[in-house]
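A short worksheet on the structure shown next.
The values are calculated or read from the model by the stated rules, or taken from the named source; none is laboratory data. None of the values given here were measured: they were computed from a predicted structure. Ideal geometry is used to build each Cβ from the backbone, glycine not excepted, and the neighbour counts take in all protein chains shown.
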Amino acid sequence: MSSDEKPAAPRSLAEALRARDDGSLAALLRARPDLITPVPTDLTQLATRAGTRASVVRALERLDRFALQSAEALAVAAEPAPYAELLSLLAGDHGDPAVVAALPRALATLREQALVWGGDDRLRLVRTARELLAPTPQHPSPTGLGPTVQEATAGMSPGRIQEIVTAAGLPSTHDSVSAVTALAGLFGDRGRMAALLAGAPQESREVLSRLVWGPPYGQVTADPAAHVRWLLDRGLLLPTAPGTVVLPREVALHLREGRAHRETEPLPPAVEAAGTHRPQVVDGTAAGQAYTALATVEELLKDWDEGGPTVLRAGGLSVRDLKRTAVALDASEPIAAFWVELAYAAGLLASDGEADERYAATPAYDEWLEQPAPRRWARLAEAWLTATRTAGLVGGRDAKDRTLSALGPGLDRSAAPEVRHRVLTLLAALPEGASPAAESVLARLRWERPLRGPQREDDLRGRLARWTLTEAELLGVTGRGALSAHGRALLGTAAAVPKAAEEPSGPGDKLPVHHVPTVVEPLSPAEQAVATAAAGRLLAPLLPEPLDHVLLQADLTAVAPGPLKRPLADMLDVLADVESKGGATVYRFTPGSVRRALDSGRTASDLHAFLTEHSRTPVPQPLAYLIDDVARRHGHLRVGSASAYVRCDDDALLNEILADKRAAGLRLRRLAPTVLATQADPATLLDGLRAMGFAPAAESAEGDVLITRALAHRTPPRTAPEPVPDGPPVPDATLLTAAIRAIRAGDLASTAPRKPTATPALGGELPRTGSAETLATMQAAVLTGESLWIGYVNAEGSASQRVIAPVRVEGGFVTAYDHTADEVRTYPLHRVTGVAELAEE
């Protein structure tokens, strides 16, 4: 072929793929990773797999709106279609400049993903995509167009076709084929169609206007009205079944001025800013909420420290337990479900696996508590960003109409991480401090992944996006709706600095984010760990420093003006009850809370010293009196097990207890002047006496006071739940290179003409080689692309000789295209007895 001659047009998708370079094939396999699992043996098998229904459906669902509209237009165009026809279907008769500019990109996307092949003069949509997008009576086309004249008249009697041709003003022909061709030519001629419709009754034009944008099917009676009969006589409506008519595609395109879609969307909608705040305010607000998130998770797991709610038989929390958790956290049930699921996703919470299975903190929670606040937040943020469990689904129904419960099954949605990442990326593209209008974010996401079929009724991505905006604010990734500096860092270096945006031109503040149509892929796990650590470092200086003091008040309260250091906070949780939270936490001292501290082994002098050391104000006299009074009465009564007994040196006090009507339920009886006994257990007796206003202490069998401390219940070591992948993982560069080499080698073997039989380089017998020489020869063949002759012994001990083309040597195995078996195989190197280069006879 001379240099001036053009290469022959591909006759199949396999030939089109064969003409691609390695970079183009890598882009295809990266965009459609399902095609590489397992690695195809050659390009013909790759093309076959690319045309399967499941793979094409997945590829179509990942197209943006304009690329999908381009595919839909090709589905109703001629087969094959020239570029000009596709452009006309999308831009209309008048030509939309935005469509003209955007179509090359959309067509390149369709070609890259092997949904379209062929040159610009012969564009072909893969058959499966055409079947999915082309109109049928059961499944109308997304374009709203009906069948062509040729398709609609199939099966119609020749006499009826001649009648339609005559009524339309065309000369009669000798056969139906030419008559149908003439009718289609009339409908496709703008001038003649305009003249034909100019004579149509007004009612007839109204019928056409109702059908023009779809659905194109309508119902008629056995004796249609005159204006409908006028359309039927001229073929402007064609019967498809008894009582059903359809508007032919050519007629609809004329009425639409050549457009396949009512609205063509070549550009993504802009993300609009709902408001703008100073970046310092955004970062400060987000940091405050980040600290609140840490405190909330701590409070949740502290509440479950002695064993949380029981696990339902089907898994998860009961509705009642979720309500109790919401009350304890002072939050709504959906927000409480978010915190519970976040702790679970971070590996801080799990079920204990015991017979009476309950939820509790994991050992990782104790390690997490010891870390600095920025690292603790980073762990929560990374778990949220990558988790597929979706708290927003809690309370909804699954496919079997069962209620979805927090921590239960059925909450995984594989699209969740990608949607969260994409929403944050859109926020990162806005100027610093700009908060987006939620509806504009949803519109952008719908353009990037338009809804098709059943998805229209269940806009999962839209709901995920709304939940992302709410959860990002709760977690402190955003502040006042705008992405914070540490929130940008979560996305990696590409999004750490916002893209330059044009100045807003009006009160709507429409920011042209759409000028960059590419969607940034989420980071790999290793990259995400680095980004999360960077986010924690940015957050660190914004978090408040823990305090080592409180302000004691005369009304038996203590005010913590900020977050407290852990030892101080832990002691206050025992000595006092939290009365209110917020910027400052208020603790209240009560007889019950002081008794709780004494029960834990503290003495009155210990409590006085603690308060004196950690209060910036003098210890109020009422608080000192309260501690002394409770301590004086604490342990005056002793409760042990007889089943239970009460011992006291003051027999008058025991007489008072026996005379109290509230003690009737305890059924006490005197064993001695200083001892009362009961059949109730010690815990019940303790609670009963405390309810009567006494301060008894439990004692051991030896008569010593029992010190009671809350025992932290922990689960065995647990790993965080693994995210559910959204289809096959995107292959890395190493795997892509090896796969493409294997596919090329297999394709070369299957398409090249048979060569003379190759023989070993030495004599006719394969030499035996050592392991080092075998490995070196294999690695050299990977680099040069040469084929090798090997001796191989399988697991059963059978020896054979094979011709292979190595593509990867790794971990003691060689992956190669086996010319003998005509497929890609992996061989253990220790079973290769010898290797030699091929020599042609």
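Quick check on this structure: which one of Ile707, Ile657 is in contact with a Gly (Cβ under 6 Å, 6 or more places away or on another chain) and either at pLDDT 85 or above or of a type in the set (Val, Ile, Thr) (or both)? Steps first, answer last, please.
On the way: Ile657 fails: in contact with a Gly (Cβ under 6 Å, 6 or more places away or on another chain).
Result of the check over Ile707, Ile657: Ile707.
Just give me the residues in segment 644-679 being among the small types (Gly, Ala, Ser) and either over 17 Å from Glu699 (Cβ atoms) or out of contact with any helix residue (DSSP H, G or I) (no Cβ under 8 Å at 6 or more places or on another chain) (or both), in sequence order.
The answer is Ala652, Ala659, Ala663, Ala664, Gly665, Ala672, Ala677.
Would you be able to say whether some residue in segment 404-414 is among the acidic types (Asp, Glu), assigned by TED's automatic domain parsing to the domain that holds Thr292 and not in a strand (DSSP E or B)?
There is no residue in segment 404-414 that is among the acidic types (Asp, Glu), assigned by TED's automatic domain parsing to the domain that holds Thr292 and not in a strand (DSSP E or B).
In segment 311-333, how many are touching a helix residue (DSSP H, G or I) at 6+ places or on another chain (Cβ under 8 Å), touching a residue at least 60 places away in the same chain (Cβ under 8 Å) and in a helix (DSSP H, G or I)?
2
Would you please name the residue that is modelled with the highest pLDDT, looking only at residues in segment 784-841 that are among the charged types (D, E, K, R) and over 26 Å from Leu736 (Cβ atoms)?
Taking the candidates together, the pick is Arg831.
Every residue in segment 248-269 that is within 25 Å of the chain's Cα centre (by Cα) and either part of a helix (DSSP H, G or I) or crowded, with 19+ Cβ neighbours inside 10 Å (or both), please.
Pro268, Pro269
Quick check, is Gly288 over 20 Å from Thr470 (Cβ atoms) and either touching a Leu at 6+ places or on another chain (Cβ under 9 Å) or not assigned by TED's automatic domain parsing to the domain that holds Ser435 (or both)? Explain how you work it out, then say what you get.
Numbers: over 20 Å from Thr470 (Cβ atoms): no; either touching a Leu at 6+ places or on another chain (Cβ under 9 Å) or not assigned by TED's automatic domain parsing to the domain that holds Ser435 (or both): yes.
Criteria not met by Gly288.
Would you pick out the residues in segment 198-244 that are surrounded by 15 or more Cβ atoms within 10 Å (Cβ to Cβ), assigned to a helix (DSSP H, G or I) and touching a residue at least 24 places away in the same chain (Cβ under 8 Å)?
Passing the criteria: Ser204, Val207, Leu208, Leu211, His227, Val228, Trp230, Leu231.
Of all the residues that make up segment 284-310, how many are among the charged types (D, E, K, R) and in contact (Cβ under 8 Å) with a residue 40 or more places away in the chain?
Total meeting the criteria: 4.
Go through segment 714-757 residue by residue and tally those that are touching a helix residue (DSSP H, G or I) at 6+ places or on another chain (Cβ under 7 Å) and either at pLDDT 80 or above or over 19 Å from Val39 (Cβ atoms) (or both).
Here the count works out to 14.
When residues of segment 90-141 are filtered for being in a loop (DSSP other than H, G, I, E, B) and over 27 Å from Arg30 (Cβ atoms), how many remain?
Going through segment 90-141, the residues in a loop (DSSP other than H, G, I, E, B) turn out to be 92-96, 113-115, 118-122, 126, 134-141.
Next cut, over 27 Å from Arg30 (Cβ atoms) only: 92-96, 121, 134-141.
Qualifying residue count for the region: 14.
Please go through segment 397-414 and pick out each residue that is closer than 29 Å to Trp447 by Cβ and either at pLDDT 90 or above or touching a Pro at 6+ places or on another chain (Cβ under 9 Å) (or both).
Across segment 397-414, the qualifying residues are Leu411, Asp412, Arg413, Ser414.
What are the residues in segment 579-596 that are touching an Asp or Glu at 6+ places or on another chain (Cβ under 9 Å) and not basic (Lys, Arg), if any?
Thr585, Val586, Tyr587, Phe589, Thr590, Pro591, Gly592, Ser593, Val594
Where in segment 596-689 are there strands (runs of 3 or more DSSP E), lying fully within it, with 2 or more residues that are over 59 Å from the mean Cα position of the chain (by Cα) and more than 30 Å from Asp573 (Cα to Cα)?
Those strands (runs of 3 or more DSSP E) span 644-647, 669-672, 675-678.
Would segment 155-166 turn up any residue that is under 36 Å from the mean Cα position of the chain (by Cα) and either assigned by TED's automatic domain parsing to the domain that holds Asp233 or on the phi < 0 side of the Ramachandran plot (or both)?
No - not one qualifying residue is present in segment 155-166.
Identify all residues within segment 362-400 that are in a helix (DSSP H, G or I), without any contact (Cβ under 8 Å) to a residue 24 or more places away in the chain and not hydrophobic (A, V, I, L, M, F, W, C); write none if there are none.
Glu367, Glu370
Return a yes/no flag: does segment 36-59 have any residue that is more than 34 Å from the chain's Cα centre (by Cα), crowded, with 21+ Cβ neighbours inside 10 Å and assigned to a helix (DSSP H, G or I).
No, every residue in segment 36-59 fails to be more than 34 Å from the chain's Cα centre (by Cα), crowded, with 21+ Cβ neighbours inside 10 Å and assigned to a helix (DSSP H, G or I).
Name every residue in segment 821-837 that is of a type in the set (S, T, N, Q) and exposed (fewer than 14 other Cβ atoms within 10 Å of the Cβ), in order of residue number. Lay out the reasoning, then the answer.
Pass one, segment 821-837, residues of a type in the set (S, T, N, Q): 826, 833.
Thr826 - this is the single residue of segment 821-837 that is of a type in the set (S, T, N, Q) and exposed (fewer than 14 other Cβ atoms within 10 Å of the Cβ).
Would you check which residues across segment 527-556 are touching a helix residue (DSSP H, G or I) at 6+ places or on another chain (Cβ under 9 Å) and assigned to a strand (DSSP E or B) and list them?
Leu547, Val550, Leu552
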